[in-house]
Ligand SMILES: [Zn+2]
């Protein structure tokens, strides 16, 4: 009996090891898949974008950046549309363009991820918008690479919005969100707006002091979905349950009945570099891009099977 007992324990040990060898790598793979966003590559793109200099709507450097983004997107196999429009602004009629990269799924309904790529115009100092304008464009571009070859049921659109910033110093009336308002008007006139099940907006998410609060101007079930994903990934310290109310490119979508969320790092503190000459690469970090990229990827996967998007 002791021998048998001995043999039993060896068999149990062997079975346990076999179990470990089967379970452990698959758990490891699952974690790897959940943290696959390449923040370092996105950060390299952010630096490249900042090298174009100040990039306000209608400027030559923004047109150069747009051409570069479209060339990068082509390599992901996405269907690319450039939607040119010329709104009237306090500085006259300015040529602007949204870039839309489409990743078709089995269904025609759409999950949209967007962010602005223009920077605010300042005449009294050089503003390069590393975080404000640079980080959103860089995150979307890397997201396009990550989505290449990924299986998803819903169709994904990645949208680089032009003209988010007010042309005047103050954010007043219709002098802001030119690209998002144009997109909502166009989609509602061609009957496509109802295809969008959810819109995730990213803004200033390269901030090295990343702190994203629950925006009360966003759609609350979508806020719950995205914050649940963030907390599940262990990112609660970057996504606290504190509330804020922000006006941004999600407003035109929410106002038109499209569920939308703004993921924006807090810019209200006294030492914030928001809209100053210090919004530079030095105040951004690859880790912040990784965190937000992972949260967006996890949220897309959750939304792909959510009852809210069926
Ligand atoms: Zn701004």
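Just so you know, in region 144-169 the residues that are over 22 Å from residue 74 (Cα atoms) and at pLDDT 95 or above include one that is surrounded by the fewest Cβ atoms within 10 Å (Cβ to Cβ), and it is 168. Scanning region 126-148 for residues being in a helix (DSSP H, G or I) and either within 15 Å of the ligand (Cβ to nearest atom) or more than 16 Å from residue 50 (Cβ to Cβ) (or both) gives a total of 13. Taking the numbered list (1) under 19 Å from residue 128 (Cβ atoms); (2) away from the ligand (no atom under 15 Å from the Cβ); (3) part of a loop (DSSP other than H, G, I, E, B) in turn, residue 235 passes all entries but (1). From the list 108, 114, 123, the one residue that fits, being within 21 Å of residue 198 (Cβ to Cβ) and either part of a helix (DSSP H, G or I) or within 16 Å of the ligand (Cβ to nearest atom) (or both), is 114. If you go through region 94-128 and keep only what is farther than 23 Å from residue 182 by Cα and either crowded, with 23+ Cβ neighbours inside 10 Å or in contact with a strand residue (DSSP E or B) (Cβ under 6 Å, 6 or more places away or on another chain) (or both), you end up with 105, 127.
Of all the criteria given as (1) in contact with a strand residue (DSSP E or B) (Cβ under 7 Å, 6 or more places away or on another chain); (2) assigned to a helix (DSSP H, G or I); (3) within 16 Å of the ligand (Cβ to nearest atom), the one not satisfied by residue 183 is (3). All told, residue 223 meets the bar of being in a helix (DSSP H, G or I), more than 13 Å from the ligand (Cβ to nearest atom), at pLDDT 95 or above and over 30 Å from residue 59 (Cα atoms). Only residues that are away from the ligand (no atom under 16 Å from the Cβ), assigned to a loop (DSSP other than H, G, I, E, B) and touching a residue at least 12 places away in the same chain (Cβ under 8 Å) were counted in region 151-174, giving 3. Of the helices (runs of 4 or more DSSP H) lying entirely inside region 1-93, the ones with 2 or more residues being at pLDDT 95 or above are found at 39-50, 60-74. Of all residues in region 253-283, those that are away from the ligand (no atom under 15 Å from the Cβ), touching a strand residue (DSSP E or B) at 6+ places or on another chain (Cβ under 8 Å) and in a loop (DSSP other than H, G, I, E, B) total 2. Among the numbered conditions (1) without any contact (Cβ under 8 Å) to a residue 60 or more places away in the chain; (2) more than 16 Å from the ligand (Cβ to nearest atom); (3) over 18 Å from the mean Cα position of the chain (by Cα), the only one that residue 97 does not meet is (1). Scanning region 194-205 turns up one or more residues that are in a loop (DSSP other than H, G, I, E, B) and either at pLDDT 95 or above or away from the ligand (no atom under 16 Å from the Cβ) (or both).
The values are calculated or read from the model by the stated rules, or taken from the named source; none is laboratory data. If you're wondering where the values come from, they're calculated on a predicted model, not measured in any experiment. Using ideal geometry, Cβ is built from the backbone for each residue, glycine included, and neighbour counts are taken over all protein chains shown.
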